[in-house]
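Chemist: Got a structure for you, written out below as structure tokens; questions coming shortly.
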Amino acid sequence: MMHSFDKNTMITLAGLNLALSYENAGLVRLEKRLSESIDPEVKEKLHRHLAQTKDQQARLRETIKSLGGEPITEMGRLPIPEPPQSLKAMMESGSTSNETEVWESLNDLIIEKAETIMYKGGIQALELLKADKKTIKNLEKNLKEEETFANWLEKNNPRIAKRLMTKQMEEKKKKKQRREESVTASTTG
């Protein structure tokens, strides 16, 4: 059935579906990060944010349907920095799991900050369009969850990176010591 929407409703539905497309992509990224993350603290936060993202998707779908629209199933493109191919190949082939965790956690922060910007802009647009308060409240709830996770990442990424890189340096040092002890044992025995 084809609906006839006024221009404000069409714009509102397009914006809500845009937000949903980013949450759809975010869900896939969070699932991938959760499966690849090596840090228990980060894993726990990713797991929590994955559940929030599912709730955000449900709120967006419900709002879109309540306005007579059809929720999008497609994924938007997330703002993840892309290094030049030469550096990317070097980083992918030579990075340890600790280094990858640090890099991906920075990408998580960039994505979460971008989502907060998107939600703030969406809320401002809905206010200008005089959208219903429930629609705005749903976006404000999503914004609050995105801000909470982004703020946690921004505050804790340096500490986690330091812990991971210190652990990596200690492991390297222990390996070097074991090699030296092995060489010494074989030359004296």
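The values are calculated or read from the model by the stated rules, or taken from the named source; none is laboratory data. In this text the structure is predicted, and so the values were computed from the model without any measurement. Cβ placement follows ideal geometry from the backbone for every residue including glycine, while neighbour counts extend to all protein chains displayed. To get the accessible areas, we keep the full protein, side chains included, count just its heavy atoms, and leave off ligands, DNA and RNA. Shrake-Rupley method; radii C 1.70, N 1.55, O 1.52, S 1.80 Å.
Chemist: For segment 2-13, enumerate the residues that are part of a helix (DSSP H, G or I) and open to solvent by 60 Å² or more (accessible area, probe 1.4 Å).
Modeler: Answer for segment 2-13, where residues must be part of a helix (DSSP H, G or I) and open to solvent by 60 Å² or more (accessible area, probe 1.4 Å): K7, N8, M10, I11.
Chemist: Between S186, S95, which is over 21 Å from E23 (Cα atoms), touching a Phe, Trp or Tyr at 6+ places or on another chain (Cβ under 8 Å) and open to solvent by 40 Å² or more (accessible area, probe 1.4 Å)? Before the answer, list the steps.
Modeler: Values: S186 fails: touching a Phe, Trp or Tyr at 6+ places or on another chain (Cβ under 8 Å).
Sole residue among the options that is over 21 Å from E23 (Cα atoms), touching a Phe, Trp or Tyr at 6+ places or on another chain (Cβ under 8 Å) and open to solvent by 40 Å² or more (accessible area, probe 1.4 Å): S95.
Chemist: Test of understanding: among R48, R59, which residue is at pLDDT 95 or above and open to solvent by 70 Å² or more (accessible area, probe 1.4 Å)?
Modeler: R48
Chemist: Being closer than 25 Å to R33 by Cα and basic (K, R) is the filter here, so list the residues in segment 56-75 that pass it.
Modeler: Hits for segment 56-75 are R59, R61.
Chemist: A131 versus (1) outside any helix (DSSP H, G or I); (2) loosely packed, with under 15 Cβ neighbours inside 10 Å: which is the lone unmet condition?
Modeler: Exception for A131: condition (2).
Here's the yes/no breakdown for (1) at pLDDT 95 or above; (2) over 23 Å from L30 (Cα atoms):
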residue: E92; (1), (2): no, no
residue: L106; (1), (2): no, no
residue: Y119; (1), (2): yes, no
residue: E127; (1), (2): no, yes
residue: K130; (1), (2): no, yes
residue: E146; (1), (2): yes, no
residue: K155; (1), (2): yes, no
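Chemist: All but one of (1) touching a His at 6+ places or on another chain (Cβ under 7 Å); (2) not in a helix (DSSP H, G or I) hold for L30; state the number of the condition that does not hold.
Modeler: (2)
Chemist: Also, I was wondering about something else. Can you name the residue in segment 20-45 that is closer than 16 Å to L106 by Cβ and of a type in the set (A, V, I, L, M, F, W, C) and, of all such residues, is surrounded by the fewest Cβ atoms within 10 Å (Cβ to Cβ)?
Modeler: Top of the filtered list is I38.
Chemist: Look through L78, L109 and report the one residue that is open to solvent by less than 70 Å² (accessible area, probe 1.4 Å), assigned to a loop (DSSP other than H, G, I, E, B) and under 30 Å from E36 (Cβ atoms). Steps first, please.
Modeler: Values: L109 fails: assigned to a loop (DSSP other than H, G, I, E, B).
Criteria check complete, one pass: L78.
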